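Inspection log for the structure reproduced underneath, given as structure tokens.
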Amino acid sequence: MKKLIICMVAAGLFAACEKSDSIDNSIWIADPDDSGLPKYTEWGYNTFGAQMGTSYFSSCWRDTPFTMEWHDNDSTLELTMNGCQTYKGRYEWLIKEDMSLTIIIPCDSVIDSFKKLYLLNGKFFDLTNPDIKVLVRRDNNPQEIVSDIRSGNFYFKRVQMLYVDENFEKVIVSGTFDIRYVRDGEKTWLSDGRFDLGVTQNLFW
């Protein structure tokens with residue numbers, strides 16, 4: 001069995017445990033209080049979700065559930081979560097449409113490598129800040145800029161460096177988000193949002 005070591009960057013602490021064979025590219029553990037959402041975790045399970053009115057926005061087992069990209073020209077970090085809108089049918093969860101949420105955040109520090117994501121540890125962003133861009137895409141339609149944001153936040157609650165057998169494996173980025181906005185006169189909200197992402201070189205541009 002390989003030894004799994006998680007380095008908590010901000011606190012400078014180390015935790016060790018035996019690697020579980022269940023740690024895969026995407027692991028969905030339902031929230032015990034709301035099965036439409038993944039449980040909040042900090043293990044790099046590549047899941048995310050939020051309540052969306054009477055339905056949900058969630059990771060939906062996509063091959064590429066998310067990507068991150070650094071823009072050097074304006075020092076912004078772009079995070080896109082690729083999922084779908086789901087709702088509870090009579091007997092099972094059903095998919096209404098594909099959906100992605102993109103947050104483009106200005107950064108004080110240069111994060112031009114996924115190994116520098118630790119600089120986001122504990123960072124809280126107010127999405128009503130005009131310097132922050134929020135974009136939504138539904139099905140195969142182009143991305144739309146969300147211009148009428150009434151309230152919202154994006155919180156990088158914890159960023160960890162993951163080592164396996166003393167070799168650097170990935171960066172685990174976990175946190176919460178919430179946003180209320182008006183689109184074409186329709187009030188929309190993503191509430192009680194959470195994300196747990198395992199960022200590797202392939203997912204960072």
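Readers should treat all values here as calculations from the given coordinates under stated rules, not as data from a laboratory. Since the model is a prediction, treat every value here as computed from it, not as a measurement. No Cβ is skipped: glycine too gets one built from the backbone with ideal geometry, and neighbour counts run over all protein chains shown.
How charged is the neighbourhood of residue 144? Take every other residue with its Cβ under 15 Å from the Cβ of residue 144, and add Lys/Arg as +1 and Asp/Glu as -1.
Result for the neighbourhood of residue 144: -2.
Classify the chain: rounded, prolate or oblate, from the alpha-carbon gyration tensor (a ≥ b ≥ c, eigenvalue square roots; a/c under 1.5 rounded; otherwise prolate if a/b is larger than b/c)?
oblate
Post the alpha-carbon centroid distance, the range 58-104 to the range 152-205, in whole angstrom.
So the separation of the two Cα centres works out to 10 Å.
Any chance you could run the full-extension gain for residue 113 through residue 35? It's 0.36 nm times the residue separation minus the Cα-Cα distance, nm to one decimal.
24.6 nm
When the dipole is taken about the Cα centre of the range 158-205, and only Lys, Arg (+1) and Asp, Glu (-1) are charged at their Cβ, what size is it in debye, to the nearest 20?
Dipole of the range 158-205, to the nearest 20 debye: 260 debye.
Based on DSSP loop calls and a cut-off of at most 11 other Cβ atoms within 10 Å, the longest stretch of the chain free of exposed trypsin sites (Lys or Arg not before Pro) is what?
Formally, the longest exposed-site-free interval is 91-205.
Loop-only GluC sites (Glu not before Pro) in the range 118-182, please: DSSP not H, G, I, E or B, and at most 16 other Cβ atoms within 10 Å.
166
Please compute the contact order of the range 147-205 in relative form: average sequence separation of alpha-carbon pairs under 8 Å and at least six residues apart, divided by the residue count, as a percent.
33 percent
Using a Gaussian network model of the chain whose springs link C-alpha atoms within less than 10 Å, name the residue from 64, 86, 47 with the highest mean-square fluctuation.
For the chain, modelled as a Gaussian network with Cα springs under 10 Å, the answer is 64.
What are the aspartates and glutamates whose alpha-carbon lies under 20 Å from the alpha-carbon of residue 187, with same-chain residues fewer than 8 places away excluded?
97, 98, 126, 139, 144, 148, 178
GluC sites (Glu not before Pro) within the range 39-105: which are DSSP loop residues with at most 13 other Cβ atoms inside 10 Å?
92
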